[in-house]
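Asks: One structure, pasted below without further comment.
The values are calculated or read from the model by the stated rules, or taken from the named source; none is laboratory data. Not measured: the values here are computed from a predicted model. Note that each Cβ is placed from the backbone with ideal geometry, even for glycine, and that neighbours are counted across all protein chains shown.
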Amino acid sequence: MFNKQAAFLVVDDLEAMRQVTASQLRTLGVSNIVTANSAAEALRLLRKQKVDIVLSDWNMPGMTGLELLRTIRADTGLARLPFVMVTAEADRGRVAEAIASGVSGLLVKPYTAESLGARIEKALAPQLRPATPQQEQPLAVAPVPIPVAAPDAVADPATPVAEEPIRSTILVVDDAPANLHLLLNMFKDAYRVRVAQSGEKALEICQSDNPPDLVLLDIMMPGMDGFEVARRMREHPSSEIIPVIFVTAMTGNDARLKGLELGAVDFVTKPIDPEVLKPRVRNFLRYVELHKQLQASYDGMFETARLREDVERITRHDIKGPLAGVIGLVQSMTDDDTLNRKQQLEKLRMIEETALQVLNMINLSAELIKIETGSFKLDPQPVQIGDILRRIVKMSRASFAEKRITVAADIYEPDGRTVVQVLGDAMLCYSMFQNLIKNACEAAPENSRVTIAMADETPLRIVIQNKGAVPAEIRERFFDKFVTHNKQGGTGLGTYSAKLLAEAQYGTIALKVSDQENQTTITVTLPRYSGTIGR
């Protein structure tokens, strides 16, 4: 769960919405809450006091929530501030703008305290990513409230009930039992039906964590009438956009106009004609079902954008090693005037090979997206793993020459001529081992030794060892995304990328740390090629 001591800024032009959101936050255990009635006021507050997260409505007069988001992302002091946008927006193009602008989460109305808490937790997850316009966190699909049927519509508990899709829920509100009974029987076969005999009870249900999908609302009731129920529904995020159909004996234009001003979607007069009411309810519930899909749809858009950003960052991270090696080789050629032509050609070939590997890594980005989304299909081919390891070792020696690290390779070849092969993808193997060996060299202290050993086993086992023990606090999360520890410029993506690439080739990767020997060991296994291609 997120830190309850975090400071929240709630931005909404409607006072009732600010109060309700603050109340929901308090039910989640939050106490440090400030509010702003406009984006301009929010900016003034942000520049005066510390805030840990912003919850902002989208559509506000003057500066919109999207404009507020962009202003915050353009401010170097606020750029990393988590920002959750609250919206009923149904335009995917505008939602894509919010994602591209760096929103940390999207919360679609209507929402409950539970779904609010879920998005806050995601947005307040450790902010390990660089401050870029798209630093959003992954979103979980908001739980869909499971409506509770009225007692009249519940089957005998002794009777076995087969599982069925969750049906839409209608709330029928009328102080007359006969009208409740009529409407309940009219709709109970197609929908879940709840009933309320007072405006107060109806409002309690609508503003709960289990709101209905549609309300059939009588106007003339003792106590809180239907108009007041509709007005107060529009002041709560759980009920703000629930469609209301007034079902009433009032027939005057004034009543109809007042109902429409309060956001009613239709007006049906009594006595009720089922042939008129049923299709209207069915049509509005189709709209409700489409709106329910918005949160999942936007979560999918958000996740896709996040994956693309992560893959781009992994690619940028992965090419640093070989590029550093190329620079090292060029510098060594420039500084060493004793090299003969043969030695110069050898270094030039290494530079060419490494530059080609950089291009391959850039091409790898599309494959990484497929791996993360589960759509990658490996085309297994024999890979001369020894050649790949030797090339990476040579480049690592050049890249880390200043640290005076000995990078030693013990490549198993039974008779010096037979080539050991794995069954996988050469590009994936190169990127994986380049990451692991680079990380080992970075972690190793100066004047120490990094070893890469290949064991004669099936599956083939490659072991990478370096001095320097992985800190205890990150060992369990070593292969997770964005996990790093006091590493200058570290992104926490190298080992995560290596794990993805190992598993995509039906291999494994494991970490072993010895505090006594101050040593870290990474073991990778890959399927060994036995002369036939296939699993």
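Yes or no, residue by residue, for (1) at pLDDT below 90; (2) in a loop (DSSP other than H, G, I, E, B); (3) buried (at least 18 other Cβ atoms within 10 Å of the Cβ); (4) under 25 Å from the mean Cα position of the chain (by Cα):
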residue	(1), (2), (3), (4)
I464	no, no, yes, no
F478	yes, yes, yes, yes
H485	yes, yes, no, yes
G492	yes, yes, yes, yes
S497	yes, no, yes, yes
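Asks: Residues of the stretch 7-26 being among the polar types (S, T, N, Q), under 15 Å from N37 (Cβ atoms) and either surrounded by fewer than 22 Cβ atoms within 10 Å (Cβ to Cβ) or not assigned by TED's automatic domain parsing to the domain that holds M85 (or both), which ones?
Replies: Filtering the stretch 7-26 for residues among the polar types (S, T, N, Q) gives 19, 21, 23-24.
Filter once more, so that each one left must be under 15 Å from N37 (Cβ atoms): 19, 21.
Hit for the stretch 7-26 is Q19, nothing else.
Asks: Let me ask something else. Here's a check for you: in the stretch 64-88, which residue that is in contact (Cβ under 8 Å) with a residue 60 or more places away in the chain and over 19 Å from K50 (Cα atoms) is surrounded by the most Cβ atoms within 10 Å (Cβ to Cβ)? Before you say what the answer is, go through the steps one by one.
Replies: Applying the first criterion (in contact (Cβ under 8 Å) with a residue 60 or more places away in the chain) to the stretch 64-88 yields 73, 86, 88.
From the residues that got through so far, the ones that are over 19 Å from K50 (Cα atoms) too are 86, 88.
On the way: V86: 25, A88: 16.
Going through the qualifying residues, I end up with V86.
Asks: While we're here: On the basis of being surrounded by 15 or more Cβ atoms within 10 Å (Cβ to Cβ), more than 25 Å from S115 (Cβ to Cβ) and in contact with a strand residue (DSSP E or B) (Cβ under 8 Å, 6 or more places away or on another chain), does L45 make the cut?
Replies: On the way: surrounded by 15 or more Cβ atoms within 10 Å (Cβ to Cβ): yes; more than 25 Å from S115 (Cβ to Cβ): yes; in contact with a strand residue (DSSP E or B) (Cβ under 8 Å, 6 or more places away or on another chain): yes.
Yes; evaluated as a whole, the condition is true for this residue.
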